[in-house]
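For reference, the structure is listed below as structure tokens.
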Amino acid sequence: MEPLPVRDPLAGARQIEQLIYPTHQCFDDALDLLVHLLTDEHVPPAQLKLVHGICLMEDNRRFAHAWLEQGDQCLFLGIYQGERVLCTVARPDYYRRLRVQERTKYTPRQAARENERTYSYGPWKPAYLALTWQADKADDGSEPLHLV
């Protein structure tokens, strides 16, 4: 996945585009962030959704991805200047940039049940799992693509 360009809100009138790099742990990051927002930040559960999706890379390869939604904002962790940071992007922009093809939204309660049922941070649907590093090696013997 290509880095996600975002605008630096502290740059003022001289907006500088910054690149947010993937953590390559999006399913773990998204569930951990959900728990953090619920328990440490006391965000009401009704305001948050955990989202698992299938997105398209620039070369049209499909990949599985996870993020949170709060209202019309997508929240995810990324790497900025070598540090893990919380990023927020308007949903239409995020969906357009990642070319979201399919998605499944989970309430916090549903996510907890799936986590408990599978002993996994996700993805929980086989079609999504097949598009992650957890899937078997490709038939040509190459390593699976490590994705966000």
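Electrostatic tally near GLY53: other residues with Cβ closer than 11 Å to its Cβ, Lys and Arg +1, Asp and Glu -1, net +3.
Quick one: net charge around GLY122, please, counting Lys, Arg +1 and Asp, Glu -1 for every other residue with C-beta under 9 Å from its C-beta.
-1
Under the criterion of Cα pairs below 8 Å and six or more residues apart, the relative contact order for region 4-129 equals 26 percent.
Classified by the C-alpha gyration tensor, region 4-129 has an oblate form. Its axis ratio a/c, with a ≥ b ≥ c, is 1.5 or above, and a/b does not exceed b/c.
Protection proxy ranking, highest mean first, for peptides 19-27, 48-56: 48-56, 19-27, where packing is the per-residue count of other beta-carbon atoms within 10 Å, averaged. Electrostatic bookkeeping for GLN110 treats Lys and Arg as +1 and Asp and Glu as -1; over the other residues with beta carbon under 12 Å from its beta carbon, the sum is +3.
Values in this text are rule-based calculations from the coordinates and carry no lab data. All values reported here derive from a predicted model rather than from experimental measurement. In this analysis, Cβ positions are derived from the backbone assuming ideal geometry, glycine residues included, and neighbour counts consider all displayed protein chains.
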